[in-house]
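Encoded as structure tokens, the structure appears first; notes follow it.
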Amino acid sequence: MMLATSLGLLALVAAPSTLPCAAALDDADEARAQTVTKALRDAESAATEDPQGGAQTLLTALEQATEIAAIGARAPELQDARTYALLALARARVTLGDAAQAEAAIDLALATAGDRALPTTLFGPGVVTLHERRSATAAERASATLSVTCSRCLVAIEGAANRCVEGDKATELRLPPGRWRVTLIDAVDPKHTRSEAIELDEIGRASLVLPPRTGGGSDGSDGAPRRKLPRWAGILGVSVGVGLAITGAVLLGLDGRCPDGSDPRSMGACTDVLATGGLGIGLLAGGAAAAIGFAIPLAIGERRAKRARAGKTAAIRWRGAGFAF
């Protein structure tokens, strides 16, 4: 069984597929995706050898995939590994006799598969039977509606790429009632995202909107607040300025004193005294000026960033339940 699963996985990796609205990964995101993909595959292997311990490892790896949904939804290999991990989790639960958790794993795989077929035959007759039974149940079960609106974006449900939405027109998604983590990733600038945990019930109807990239263009700019200088540079400049000012104050305090810091007017004091006043004044003044000079643009940048974060509050509205948040 392990060999069959591995061969199936290699077939998927050899010809990965991705949705047309999924922006390409940069090197950093590709590295993160590969790390989580490896964790998913390792967890699948562990669950094959040890269903009890491997099930927890699978859950941990699946959570990692959900946490990087904006990256993982654009990584075909990670998507394939995630599907295999869910089916491996269902198999482990079947082996352990935990029917409820096995059903939960299959239900999640079904709900987030989109148009993809689940390769259940690679995981044994128990998973195949469970998949058939839960598919029939899902077809009869009432579903909730999630309305998604964006200019052009990729929709990910629990870290799984679901579909493309475009045209600034609401597109309805049908999901089973429950709590879902939904991520919208802009097709032009994948750094422009919105991710929310949404509760759906049979009578409610939720909507999620990814606002346009304010000031965005073909260069992929998402309209993020522009800083006069990078945040790290501002913090470094303030730190250096404060350090120089403190050094200057210390030198001022040592001016006219003995090298060991004692008072030259005391009995048996030194004959040579320190002359650090000029240097101390220079460092104190220069350090204070540097600290203030860097602190002002840093404060302005932080204020703009805070306003931008506040403006990114999710545009989610419950209709039917009678409240909004």
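A few points about this structure:
- GLY256 being surrounded by fewer than 16 Cβ atoms within 10 Å (Cβ to Cβ), in a loop (DSSP other than H, G, I, E, B) and modelled with pLDDT of 80 or more: yes
- Scope the stretch 278-300; condition surrounded by 19 or more Cβ atoms within 10 Å (Cβ to Cβ) and more than 16 Å from THR247 (Cα to Cα); matching residues: PHE294, LEU298
- Being more than 17 Å from ALA22 (Cα to Cα) and either surrounded by fewer than 18 Cβ atoms within 10 Å (Cβ to Cβ) or more than 22 Å from the chain's Cα centre (by Cα) (or both) is a property that GLU196 has.
- Residue within the stretch 179-188 that is crowded, with 16+ Cβ neighbours inside 10 Å, over 23 Å from ALA104 (Cα atoms), outside the structural domain of LEU86 (by TED's automatic domain parsing) and out of contact with any Leu (no Cβ under 9 Å at 6 or more places or on another chain) present: yes
- Selection of strands (runs of 3 or more DSSP E) fully inside the stretch 138-193 by the criterion of at least 3 residues being without any contact (Cβ under 8 Å) to a residue 60 or more places away in the chain and farther than 27 Å from ASP29 by Cα returns 171-175.
- The single residue among ALA111, ALA104, ALA92 that is without any contact (Cβ under 8 Å) to a residue 24 or more places away in the chain and in a helix (DSSP H, G or I) turns out to be ALA104.
The values are calculated or read from the model by the stated rules, or taken from the named source; none is laboratory data. Remember, it's a predicted structure, so these values are computed and weren't measured experimentally. Cβ sites come from the backbone with ideal geometry, for glycine too, and all protein chains shown count toward neighbours.
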